[in-house]
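**Q** Before we start, here is the structure in question, set down as structure tokens.
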Amino acid sequence: PDISAMPAALSGAALAMTARMDELNRELRGRGLPEIGVGLGINSGLVCVGDMGSDIRRSYTVMGDAVNLASRVEALTRIYGVDILLGETTRAALGDRLAVVEVDRVRVKGKQAAVTLFTPVTAAMSSQAQFADEMRLWRLALASYRQQDAKQALTSLEALSDSFGSSALSGLYRQLGERIDRWADHPEPSDWDGTRTFDSK
């Protein structure tokens, strides 16, 4: 098989799953039932796949550093308020086959190296006439945050809230604002590199 096409296929499948989840949740709301959430983490790399274990206990599974990172990335969907997060190796493998939004640069538990996370642009997002303006403000907010320019970052986030409050990415914007607000009591060190560190899985 052409493994170079796998990141795009997996990302496309993830988008199809979340689109179907939206339909299902509309049905559930109409019936007065609780909605269902989903979080998908996608990462690319070399892994070991097969029937593993001992004579006592065996199972068909996948193992490797890339799998561990995918698991950590999946857990972060709840933090960032997005359904899908892509690791930077998947982003690189996608090339220009799928538009993405940069979410954050993080250091997950058990890893020293930072990784940049992305979320795919859905058809609903890209169809909005002012989507380019929304992304310009978000990139400015993210860049200002990494430079510890709280005033500019919050100004950009306020503009996002005013103009794009109903955006599918509004949860992402809100949590960044809350993080910056905490700087008053818990500032980042002067040599901070813009990476958010997570000490738990």
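The values are calculated or read from the model by the stated rules, or taken from the named source; none is laboratory data. Treat the numbers as computed from the prediction; the structure is a model and nothing was measured. Please note: Cβ atoms are built from the backbone with ideal geometry, for glycine as well, and neighbour counts cover all protein chains shown. In case anyone asks, the SASA skips ligands and DNA or RNA and just uses the protein heavy atoms, side chains included. Shrake-Rupley method; radii C 1.70, N 1.55, O 1.52, S 1.80 Å.
**Q** Starting from residues that are touching a strand residue (DSSP E or B) at 6+ places or on another chain (Cβ under 8 Å) and small (Gly, Ala, Ser), keep the ones in segment 57-99 and report whichever is surrounded by the fewest Cβ atoms within 10 Å (Cβ to Cβ). Quick ask: steps written out before the conclusion?
**A** We begin by selecting, within segment 57-99, every residue touching a strand residue (DSSP E or B) at 6+ places or on another chain (Cβ under 8 Å); these are 58-64, 69-77, 80, 82-88, 90-91, 94, 98-99.
From the residues that got through so far, the ones that are small (Gly, Ala, Ser) too are 59, 64, 70-71, 75, 87, 99.
Working: SER59: 8, GLY64: 13, ALA70: 23, SER71: 12, ALA75: 17, GLY87: 23, ALA99: 14.
Filtering first and then ranking leaves SER59.
**Q** Which members of segment 156-171 meet the condition of being open to solvent by 80 Å² or more (accessible area, probe 1.4 Å) and of a type outside the set (S, T, N, Q)?
**A** GLU158, ASP162
**Q** Now for a separate question. Residues that are touching a Leu at 6+ places or on another chain (Cβ under 8 Å) and closer than 30 Å to PRO187 by Cα: list the helices (runs of 4 or more DSSP H) wholly contained in segment 63-156 that include at least 3 such residues.
**A** Qualifying helices (runs of 4 or more DSSP H): 65-80, 131-146.
**Q** So ARG174 clears everything in (1) open to solvent by 70 Å² or more (accessible area, probe 1.4 Å); (2) without any contact (Cβ under 8 Å) to a residue 12 or more places away in the chain except one condition, right? Which one?
**A** Checking ARG174 against (1) open to solvent by 70 Å² or more (accessible area, probe 1.4 Å); (2) without any contact (Cβ under 8 Å) to a residue 12 or more places away in the chain, the one that fails is (2).
**Q** On to the next question. Of the conditions (1) of a type outside the set (A, V, I, L, M); (2) over 21 Å from ALA132 (Cα atoms); (3) under 12 Å from the mean Cα position of the chain (by Cα); (4) open to solvent by 50 Å² or more (accessible area, probe 1.4 Å), GLU102 satisfies every one except a single condition; which number is it?
**A** (2)
**Q** Open to solvent by 80 Å² or more (accessible area, probe 1.4 Å), out of contact with any His (no Cβ under 8 Å at 6 or more places or on another chain), in a helix (DSSP H, G or I) and modelled with pLDDT under 85, is that true of MET17?
**A** Answer is no for this residue.
**Q** Between a residue in segment 56-79 that is over 15 Å from ARG105 (Cα atoms) and any residue that is surrounded by fewer than 12 Cβ atoms within 10 Å (Cβ to Cβ), which pairs come within a Cβ distance under 6 Å, given they are 6 or more apart or on different chains?
**A** Going by the 6 Å Cβ cut-off, the qualifying pairs are ARG58/ASP51; SER59/GLY53; TYR60/ASP51; VAL62/VAL49; MET63/CYS48; GLY64/CYS48.
**Q** Mind checking which pairs have a first residue in segment 22-41 that is of a type in the set (A, V, I, L, M, F, W, C) and a second that is part of a loop (DSSP other than H, G, I, E, B) and open to solvent by 70 Å² or more (accessible area, probe 1.4 Å), Cβ under 8 Å, 6 or more apart or different chains?
**A** The qualifying pairs are LEU24/ILE36; LEU28/PRO34; LEU28/GLU35; LEU28/ILE36.
**Q** If you don't mind, another one. Could you please find all residues in segment 182-194 being more than 17 Å from TRP138 (Cα to Cα) and either in a helix (DSSP H, G or I) or open to solvent by less than 20 Å² (accessible area, probe 1.4 Å) (or both)?
**A** Residues satisfying the conditions are ARG182, TRP183, ALA184.
**Q** Looking at segment 112-132, is at least one residue free of Cβ contacts under 8 Å to residues at least 24 places away in the same chain and buried (at least 16 other Cβ atoms within 10 Å of the Cβ)?
**A** yes
**Q** Which is in a loop (DSSP other than H, G, I, E, B), of a type outside the set (D, E, K, R) and either modelled with pLDDT of 90 or more or open to solvent by 60 Å² or more (accessible area, probe 1.4 Å) (or both), of GLY45, GLY37, GLY41?
**A** Unique residue meeting the criteria: GLY37.
**Q** So for segment 165-179 (the condition being of a type in the set (Asp, Glu) and either at positive phi or within 19 Å of the chain's Cα centre (by Cα) (or both)), does at least one residue qualify?
**A** Residues of segment 165-179 that are of a type in the set (Asp, Glu), as a first pass: 178.
Okay, now just the ones that are also either at positive phi or within 19 Å of the chain's Cα centre (by Cα) (or both), so 178.
Yes - at least one qualifying residue is present in segment 165-179.
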